[in-house]
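The structure appears below as structure tokens.
The values are calculated or read from the model by the stated rules, or taken from the named source; none is laboratory data. Keep in mind that what you see is a predicted model, and the values were worked out from it rather than measured. Using ideal geometry, Cβ is built from the backbone for each residue, glycine included, and neighbour counts are taken over all protein chains shown.
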Amino acid sequence: MTRSTLRRNSASLPAHRLAPLCALLAALPLSALAQESALPTVTVHAPTPAARPLQPTAETLAERRAAGADTAALLQGIPGISLQGAGGVSSLPSVHGMTDDRLRIQLDGMDLVSSCGNHMNPPLSYVDPSRVSAVRVFTGTAPVSVGGDSIGASILMETAPLVFAAPGQGPITRGEVGAWARSNGKGLGGHASATYATDQFSLRYDGSTAQSGNFHAARAFKAAGPAGADKPDRILAGDEVGSSSYRARNQSLSLAFRGDDSLLGLEVGMQDVPYQNFPNQRMDMTRNDSTHLNLRYQRSFAWGDLQARAWHEQTRHAMDFGPDKQYLYGGGKATGMPMDTRGSTSGAKLSGDIALSDQSTLRAGAEALHYRLDDWWMPSGGGMAPDIFRNIADGQRDRFDVYGEWETRWSPAWVGQIGLRSSQVRSNSGEVQGYNASYGAEAAAFNAKDRSRSDHNLDLSALARYTPNESSSYEFGFSRKTRSPNLYERFAWSTGGMAMRMVNLAGDGNGYVGNPDLLPEAAHTLSATADWHDASGQRWGLRLTPWISQVHNYIDAKRCSGGSGMMSACNAANVAAQQKFVYLRFANADARLWGFDISGFMDLGKNDWLGALRLDGALSQTWARNRDTGDGLYNTMPLHARLALTQQSGAWSSTAEVLLVAAKTRVSAERNELATTGYGLLNLRSSYQWQNWRLDLGIDNLLDRYYAHPQGGAYVGQGATMGGTAVPWGISVPGMGRSFKLGLSMQF
């Protein structure tokens with residue numbers, strides 16, 4: 001039996017800038033928080049869920065929030081998950097070899113779409129880590145109710161729920177302020193929140209800011225020198241990772257009304273990123289302004305729960321060359337390369353959880369997502385003139401899904417779940433143009449094509465869990481999951497070398513062109529999980545998950561040839577190129593990915609001197625290859641492990657963590673992907689909780705080891721990055737050297 005409880009989450013719409021919302025914060029009385037009440041509950045008879053997500057503990061989230069602005073970093077430590085390098089607030093989660101659009105990532109129930117030819121603004125970049133209160137990750141067989149338009153894991157992040165006063169109690173107020181600092185890169189950040197609530201109404205403001213300069217590796221990995229030929233006074237040290245600085249600001253205003261068995265919530269949110277530079281992209285983010293509105297309604301009935309959600313998000317994004325990249329080209333005729341993007345996403349969901357009996361639950365729902373994208377490059381001079389370059393013109397991608405999922409308990413030991421999702425994805429693009437007549441033939445050929453595409457996709461999931469006793473459980477799952485190509489994969493059109501280098505979703509320094517004839521990916525995945533533990537689940541545990549995915553029409557890339565026009569980079573030399581950046585066209589292929597995750601913990605005991613000791617560990621391995629060519633799939637994480645010893649003594653909690661990563665030798669030859677060597681890192685962190693205060697201290701990479709993360713990408717963080725051969729090939733983005741960090745927060 002479970003109790004279906006209304007969650008007091010929030011939603012989003014634009015605030016204009018800092019001033020009006022900060023005024024609200026200042027106006028709220030900072031009196032002590034009185035008793036809070038929970039929302040009313042309705043008893044619903046249903047089996048324990050068959051699909052159990054991986055969830056970081058509240059303490060783990062608190063530690064990782066303490067000193068950083070990259071929300072994706074909250075996922076570190078979860079078995080099977082690694083991070084693909086990007087900007088300082090925009091890392092991309094990678095799960096079992098699947099990254100970016102292959103994952104379904106939801107933020108407070110919203111599906112957000114990256115509006116950038118380099119995917120610089122992924123979904124998790126739109127929220128500050130200080131706001132995240134819960135994370136759920138389905139790495140194996142994800143139920144269809146949390147899947148859709150993805151072939152990998154499902155990641156669900158939620159911000160802190162709104163609170164209400166107890167019935168009959170007067171208004172309550174609460175708040176939190178916090179700040180963090182990091183020595184490497186001189187990173188600084190802070191956040192504040194304030195709540196005013198009655199027993200039926202709740203209002204909360206959240207604001208945060210973060211910034212950092214370039215970080216430094218443990219040793220020099222290149223020669224020291226000017227950032228660019230036109231910037232002789234800006235000298236980058238040999239160990240300085242160019243284009244790794246950033247600044248970001250986030251604000252939100254949330255309100256909710258509750259009834260006896262219902263909740264209506266609205267959130268207005270705004271992000272302002274003045275700059276975020278990227279060491280593994282040829283361009284930098286010079287602007288990212290986003291606003292979103294998230295409206296939510298939930299009601300409990302005797303038969304179950306009903307949820308409805310509608311949201312709208314719009315982004316104005318810009319790229320150009322940041323302070324560490326050459327700005328002037330063609331003898332000064334071309335002043336930078338301004339690139340602008342406007343994206344808007346509107347979505348709606350309606351779902352219900354229906355208790356069919358004490359043993360069975362039916363989940364059913366419908367979802368719609370409406371996405372529009374314009375990507376244009378203003379003339380800059382020289383060969384980038386006199387017209388506007390239309391990279392994606394009136395791009396359209398609309399999705400409509402319906403699903404049903406049945407979960408039942410067959411016996412005290414067996415519970416099963418089966419689900420089906422039907423999805424229709426329609427995409428299209430308007431007519432394009434280049435900077436000048438030299439792009440004319442290729443643009444005309446693209447415009448003459450029928451660009452409208454309609455994909456009919458079908459997802460299926462089946463899961464069974466067997467729990468023979470209190471000390472073990474076994475899960476078995478199968479899924480078929482589908483994903484349609486994104487707009488850049490289908491409609492980026494120019495094979496001109498410069499234009500191709502501006503489209504890169506991988507961070508490998510290469511150039512890409514789209515393919516309107518791409519078919520949707522379809523992944524068939526088998527997974528199993530064995531979970532052994534003591535009867536209490538507190539003393540020891542061991543979890544093993546082997547898995548395998550067979551992907552039909554996997555969207556990989558092939559080197560292009562036979563391009564039209566004198567500027568085309570798709571030629572015979574490109575096909576044969578070795579140890580240099582290359583040019584590729586997105587292409588379908590069959591692929592296979594397989595691997596395993598092992599994780600466990602052990603209580604090492606407790607004494608008066610040391611307190612309580614606990615050992616945690618995880619080991620993950622992924623293999624992946626293109627079955628058509630035998631080549632490795634790009635950015636596959638090699639064998640890696642984590643071992644952490646935690647001490648808890650009174651208000652103190654301390655952890656010593658060892659990270660071990662094997663060499664990456666299985667690479668994508670088609671992309672001239674860089675191999676990386678193995679390494680080990682030692683991290684220390686400690687926290688102290690005293691009344692409403694929390695202090696976090698830490699040292700990352702204590703031994704100051706030099707390393708290159710296998711998914712960090714190619715270093716193109718300085719110099720004449722617009723040119724194909726003007727920046728050296730063969731340098732991986734190095735990891736951060738030793739860094740001290742400090743975090744302090746107070747609740748009131």
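Just a few scattered comments:
- Residue match in region 429-442 (condition: modelled with pLDDT of 95 or more, crowded, with 16+ Cβ neighbours inside 10 Å, in a strand (DSSP E or B) and of a type in the set (A, V, I, L, M)): no
- K333, sole failed condition from (1) at pLDDT below 95; (2) surrounded by 22 or more Cβ atoms within 10 Å (Cβ to Cβ): (2)
- Region 577-602, residues that are part of a strand (DSSP E or B) and either more than 32 Å from the chain's Cα centre (by Cα) or of a type in the set (A, V, I, L, M) (or both): L584, A587, A589, A591, L593, I598, M602
- Region 219-276: number of residues that are assigned to a loop (DSSP other than H, G, I, E, B), more than 30 Å from T335 (Cα to Cα) and in contact (Cβ under 8 Å) with a residue 40 or more places away in the chain: 4
- Scanning region 93-100 for residues that are buried (at least 24 other Cβ atoms within 10 Å of the Cβ), charged (D, E, K, R) and within 13 Å of the chain's Cα centre (by Cα) turns up nothing.
- Strands (runs of 3 or more DSSP E) enclosed by region 100-217 - at least 1 residues per element that are without any contact (Cβ under 8 Å) to a residue 60 or more places away in the chain and within 30 Å of P323 (Cβ to Cβ): 187-197, 201-212
- Only residues that are crowded, with 20+ Cβ neighbours inside 10 Å and of a type in the set (A, V, I, L, M) were counted across region 156-179, and they come to 4.
- Screening G595, G617, G600, G632 for residues that are buried (at least 19 other Cβ atoms within 10 Å of the Cβ), within 30 Å of H524 (Cα to Cα), in contact with a Gly (Cβ under 9 Å, 6 or more places away or on another chain) and modelled with pLDDT of 95 or more leaves exactly one candidate, G595.
- Residue match in region 141-164 (condition: in contact with a Leu (Cβ under 6 Å, 6 or more places away or on another chain), over 30 Å from L697 (Cα atoms), at pLDDT below 95 and among the hydroxyl-bearing types (S, T, Y)): yes
- All positions within region 431-472 that are over 30 Å from R409 (Cα atoms) and in contact with a Leu (Cβ under 9 Å, 6 or more places away or on another chain): R453, D455
- Among the residues making up region 606-658, a single one is touching an Asp or Glu at 6+ places or on another chain (Cβ under 6 Å), assigned to a strand (DSSP E or B) and of a type in the set (D, E, K, R): R614.
- Annotation: V89 fulfils all but one of (1) over 24 Å from T315 (Cα atoms); (2) assigned to a loop (DSSP other than H, G, I, E, B); (3) not small (G, A, S); the unmet one is (1).
- One residue stands out in region 320-375 among those that are of a type in the set (F, W, Y) and either within 22 Å of the chain's Cα centre (by Cα) or in a strand (DSSP E or B) (or both): the one that is nearest to V402 (Cα to Cα), namely Y371.
- Residues satisfying the stated conditions in region 109-145, i.e. more than 11 Å from the chain's Cα centre (by Cα), among the polar types (S, T, N, Q) and crowded, with 24+ Cβ neighbours inside 10 Å: S115, N118, S130, T139, T141
- Counting the residues of region 401-428 that are assigned to a strand (DSSP E or B) and either among the small types (G, A, S) or under 30 Å from R390 (Cα atoms) (or both) gives 10.
- Among the conditions (1) buried (at least 19 other Cβ atoms within 10 Å of the Cβ); (2) hydroxyl-bearing (S, T, Y); (3) over 31 Å from the mean Cα position of the chain (by Cα), T408 misses just one, which is (1).
- Evaluated against (1) farther than 15 Å from D597 by Cβ; (2) buried (at least 16 other Cβ atoms within 10 Å of the Cβ); (3) of a type outside the set (S, T, Y), G680 falls short on exactly one condition, (2).
- Residue ranges of strands (runs of 3 or more DSSP E) in region 488-567 with at least 2 members closer than 30 Å to A444 by Cβ, in contact (Cβ under 8 Å) with a residue 60 or more places away in the chain and over 23 Å from the mean Cα position of the chain (by Cα): 540-559
- Flag for Y403 being of a type outside the set (A, V, I, L, M), surrounded by 16 or more Cβ atoms within 10 Å (Cβ to Cβ) and within 22 Å of the chain's Cα centre (by Cα): no
- Only one of A651, A720 that is closer than 30 Å to P226 by Cα and in contact (Cβ under 8 Å) with a residue 12 or more places away in the chain: A720
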